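Note sheet for the following structure.
The values are calculated or read from the model by the stated rules, or taken from the named source; none is laboratory data. Being a predicted model, the structure only gives us computed values, none of them experimental. Cβ: placed from backbone, ideal geometry, glycine included. Neighbour counts: every protein chain shown. Note: areas computed on protein heavy atoms with side chains; ligands, DNA, RNA excluded. Shrake-Rupley method; radii C 1.70, N 1.55, O 1.52, S 1.80 Å.
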Amino acid sequence: MEKINAVITGVGGYVPDYILDNEEMSRIVDTSDEWIMERIGVKTRHILKPEQGSGVSYMMKRAVRQLLEKTQAEPESIEAVICATTTPDYHFPSTASIIIGALGLKNAFGFDMEAACAGFLYALETGSNLIRSGRYKRIIVCGGDHMSSMTNYQDRNTCPIFGDGAACVMLEATTEELGLIDGFYRVDGEGYEYLHMEAGGSRNMPSHETVDKRLHFVFQDGRPVFKHAVTKMSDAVELIAKRNGLGCDNVDWIVPHQANVRIESAVARRIGVSEDHVMINIDHMANTSGGTLPLCLWEYEPQLKKGDKLIFTAFGAGFTWGASYLVWGYDGAKEAAKSPAVFYKEGKMSREEWKEICTSRDS
Ligand code: UT7
């Protein structure tokens, strides 16, 4: 029997139209554009305002709808939906079930996966294995977070970092040597004290006290997280590169989790890949947690060509981390005529035009 691979055949994305820039951030907490740009590399982030919508499903539904339009896939042809998110609409039911119901994907099953900022990486591996099993031919993997729902806007250590957004990919079966080829994933459980949300789960249930103490927000001790992120992502990328005969001369793209532009540069330096081969959108997307990797694909899709070699890497709370090697499945330029995010990123579109496009997508 021929080997079945799981290849990405389309990308959809969504970011809310409200743009919170560093000037506004400096009026919320004691910070400055200079500090945020120098230490993190974020200029603006998209925020889902309650008057526009709420819940991560609001964004994922829009991303999936765009994906179905772009790929011309019939809703009935989707066999599974996996959502990587740390900010599901509810503890239950799953975000996947909300999306499946709302979009009429009536032949699909689905579930959520929570691995913080490494969630999409794990979901891509899981989805690919469903396809490789031979039982499924077409599934959707979503990654995204409504980070503003758990960001403490009184804490300058964390609030400039995060933004809201979601994106998704179509995974399909192929016998070509394309798609997810290799992966290295780990969890060490040592990161709890540095990065967590203290209350709201079954261990520390919500109460007046937990609300008063502001325990329902992200807590992060940045420096140790930074150190672990650089080391673990770099090690994972190096391992995957070596194992697959990849190096600075033949890797087309590094797709890193967008936590801090200094981390992204350090990872690229380690395997000697120049920065123009690293997908970076943290400047205008910030850290959307489970959304960073697919949102990178969404924005860079026009530049991707069939056969391009990509290494994904991510790091998140837990700690969770890893790297994947993927061969791209199609020429992006043909598919991505509708990805204006790229024009915005390249400065060919004004902030107002970009905002208008984000708003008009919001149907
Ligand atoms: O996505 C999951 C994984 N997450 C990550 O990978 C994040 C990793 N960590 C980081 O990216 C960085 O550690 C941060 C961006 C969170 C912080 O940058 P840093 O260079 O590690 O700063 P720091 O926390 O060591 O703080 C340095 C100084 C402190 O002042 P003192 O104590 O030196 O006087 C902070 O109080 O900067 C101060 N500071 C700020 N100043 C202005 C902290 N936040 C701000 C701020 N504006 N927003």
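Each peptide among 70-78, 197-205 gets the average number of other Cβ atoms lying within 10 Å of its residues, and from highest to lowest they stand as 70-78, 197-205.
Suppose the chain between residue 350 and residue 214 were pulled fully straight at 0.36 nm per residue; how much longer would it get relative to their current alpha carbon spacing?
Roughly 45.2 nm would be gained on extension.
A Gaussian network model of the chain, with springs between Cα atoms under 10 Å, assigns the largest mean-square fluctuation among 126, 313, 86 to 126. Over the residues of the chain, the helix contribution to mean residue ellipticity at 222 nm works out to -9500 deg cm²/dmol, using -39500 (n - 2.57) for each DSSP H run of at least 4.
Restricting to Cα pairs below 8 Å that are 6+ residues apart, what does the relative contact order work out to for the stretch 5-180? Please round to a whole percent.
35 percent
With R₀ fixed at 56 Å, the C-beta to C-beta distance from residue 77 to residue 231 puts the FRET efficiency at about 0.85. Charge dipole (Cα centre; +1 on Lys/Arg Cβ, -1 on Asp/Glu Cβ; no other charges) of the stretch 3-75 amounts to roughly 540 debye. Looking at the calculated P(r) for the chain, what percent of the C-alpha pair distances fall above 40 Å? Cα-Cα pairs of the chain separated by over 40 Å account for 7 percent. The 3J(HN,Hα) values that the Karplus relation (6.51, -1.76, 1.60; θ = phi - 60°) gives for the stretch 312-317 are, in residue order, 8, 8, 8, 8, x, 4 Hz. Gly and Pro appear as x. If the label point is 7 Å along Cα→Cβ of residue 91, which residues in the stretch 202-236 have backbone nitrogen under 14 Å from it? Residues passing the 14 Å test: 202-207. On the chain, 51 percent of the accessible area sits on carbon and sulfur atoms, based on a 1.4 Å probe.
The residues of the chain have, on average, 42 Å² of accessible surface per residue, using a 1.4 Å probe with all protein chains present. I'd like the FRET efficiency for residue 23 and residue 262, computed as 1/(1 + (r/R0)^6) with the beta carbon distance as r and R0 of 22 Å, rounded to 0.05. Once the sixth-power term is evaluated, E becomes 0.50.
Using θ = phi - 60° in the Karplus curve 6.51 cos²θ - 1.76 cosθ + 1.60, the 3J(HN,Hα) couplings for the stretch 288-305 round to 9, 6, x, x, 5, 5, x, 5, 4, 4, 4, 7, 8, 3, x, 8, 8, 10 Hz; x is entered for Gly and Pro. Projecting the Cα positions of 287, 254, 216 onto the charge dipole of the chain (unit charges on Cβ atoms of Lys, Arg, Asp and Glu, taken about the Cα centre) puts 254 furthest along the positive direction.
Under the simplified labelling scheme, the residue 186-residue 3 pair shows an inter-label distance of 2.5 nm, with each label point 7 Å from Cα along Cα→Cβ.
Place the peptides 25-37, 277-289, 113-125 in order of packing, highest mean first, counting for every residue the other Cβ atoms within 10 Å and averaging per peptide.
For the peptides 25-37, 277-289, 113-125, the packing ranking is 113-125, 277-289, 25-37.
Full extension of the chain segment joining residue 244 with residue 51 gains 64.7 nm, where the gain is 0.36 nm per residue of separation less the Cα-Cα distance. Our note on the geometry: Cα centres of the stretch 132-153 and the stretch 1-64, 14 Å apart. In terms of the mean number of neighbouring beta-carbon atoms within 10 Å, the peptides 160-166, 251-257 order highest first as 160-166, 251-257.
For the residue pairs 61/227; 61/242; 49/213, alpha carbon separations beyond 30 Å are given by 61/227; 61/242. Structural descriptor for the chain: relative contact order 24 percent, calculated from alpha carbon pairs under 8 angstrom and at least 6 residues apart. Among 176, 23, 51, the largest mean-square fluctuation in a Gaussian network model of the chain, built with springs joining Cα atoms closer than 10 Å, belongs to 51.
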